[in-house]
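Let me begin by presenting the structure, written as structure tokens, before commenting on it.
The values are calculated or read from the model by the stated rules, or taken from the named source; none is laboratory data. All values reported here derive from a predicted model rather than from experimental measurement. When we count neighbours, we look across all protein chains shown, and the Cβ atoms used for this are built from the backbone with ideal geometry, even at glycine.
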């Protein structure tokens with residue numbers, strides 16, 4: 001028997017050569033072959049930004065508190081002074097005035113503090129950043145009631161003096177967080193963006209601001225809560241708001257009026273902070289959530 005016959009007939013012999021029914025081995029995967037898959041798997045592991053607990057827990061708590069307050073008012077005997085102070089029209093007007101004060105003051109805080117914070121991280125104004133932050137610190141360190149009294153002397157009684165005082169009191173957290181967020185941007189990312197031909201304006205809006213969003217929005221949330229609290233003092237300058245109920249309750253020694261004004265103020269602060277949290281979660285860049 002020839003050697004070729006033994007090689008062909010032996011089923012347990014050597015493996016057949018490539019080209020006779022066996023697929024040729026493919027190229028070995030390179031070191032970066034699995035990186036896209038790993039990245040997608042990491043994104044899949046990121047928990048949802050807004051869970052049902054974040055959506056439900058705080059509003060449910062506020063609803064329980066408001067319900068308990070309503071029950072307290074229904075079961076408490078009110079005299080004519082308390083009934084007049086808690087009339088539907090009076091409470092609704094105070095609530096609308098408070099909302100208006102908070103919304104307008106927050107708008108002015110944003111259009112003042114964020115552009116100013118951006119400017120203080122650019123060019124020659126970079127050196128002036130400590131001075132502007134110090135001035136904002138003075139505005140917040142000044143007692144709100146004393147500042148409001150001075151503004152009433154200057155601007156007269158009404159919402160205008162109250163709004164100026166609220167804005168001066170709330171500028172600092174947004175300004176300082178904007179400056180800190182922009183300064184914390186990785187210089188390598190800025191240089192890479194410039195290297196691919198982005199203009200300074202594009203680098204700001206496409207790279208620096210998105211990365212600074214978490215810090216900026218944290219400052220906005222703080223300012224919102226400050227505005228709700230400070231707006232209650234507008235009553236001492238004729239600005240209205242929920243401070244009217246609180247002041248009336250204290251002056252007339254009517255506990256139900258004081259309780260309602262205080263509870264509504266706290267509830268508004270909690271809801272405003274909750275809304276700010278949701279906006280912060282929605283606007284946070286997705287890549288910052290992946291380790």
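Quick check on my filter: what residues within segment 221-243 are surrounded by fewer than 24 Cβ atoms within 10 Å (Cβ to Cβ) and within 22 Å of residue 72 (Cα to Cα)?
none
Scan segment 63-89 residue by residue and report those that are touching a residue at least 12 places away in the same chain (Cβ under 8 Å) and in a helix (DSSP H, G or I).
65, 66, 69, 72, 73, 81, 82, 85
State all residues of segment 184-218 that are more than 25 Å from the chain's Cα centre (by Cα) and surrounded by fewer than 16 Cβ atoms within 10 Å (Cβ to Cβ); if no residue qualifies, say none.
Correct list: 188, 191, 192, 194, 195, 196, 197, 199, 200.
Checking residue 172 against (1) crowded, with 18+ Cβ neighbours inside 10 Å; (2) closer than 21 Å to residue 285 by Cβ, only one condition comes out false. Which one?
(2)
For residues that are in contact with a helix residue (DSSP H, G or I) (Cβ under 6 Å, 6 or more places away or on another chain) and part of a helix (DSSP H, G or I), scanning just segment 117-128, find the one that is modelled with the lowest pLDDT.
125
Residues checked against (1) closer than 22 Å to residue 228 by Cβ; (2) out of contact with any helix residue (DSSP H, G or I) (no Cβ under 6 Å at 6 or more places or on another chain); (3) surrounded by 16 or more Cβ atoms within 10 Å (Cβ to Cβ); (4) modelled with pLDDT of 90 or more:
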site	(1), (2), (3), (4)
134	no, yes, no, no
146	yes, yes, no, no
156	no, yes, no, no
162	yes, no, yes, yes
178	yes, no, yes, yes
182	no, no, yes, yes
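This table checks each residue for (1) at pLDDT below 85; (2) closer than 17 Å to residue 259 by Cβ; (3) touching a helix residue (DSSP H, G or I) at 6+ places or on another chain (Cβ under 8 Å).
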{"residue": "42", "(1), (2), (3)": "yes, no, no"}
{"residue": "50", "(1), (2), (3)": "yes, no, yes"}
{"residue": "57", "(1), (2), (3)": "no, no, no"}
{"residue": "67", "(1), (2), (3)": "no, yes, no"}
{"residue": "72", "(1), (2), (3)": "no, yes, yes"}
{"residue": "78", "(1), (2), (3)": "no, yes, yes"}
{"residue": "83", "(1), (2), (3)": "no, yes, no"}
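The rows are residues; the columns are (1) farther than 20 Å from residue 103 by Cβ; (2) touching a strand residue (DSSP E or B) at 6+ places or on another chain (Cβ under 6 Å); (3) in a helix (DSSP H, G or I).
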site	(1), (2), (3)
204	yes, no, yes
211	yes, no, yes
225	no, no, yes
253	yes, no, no
260	yes, no, yes
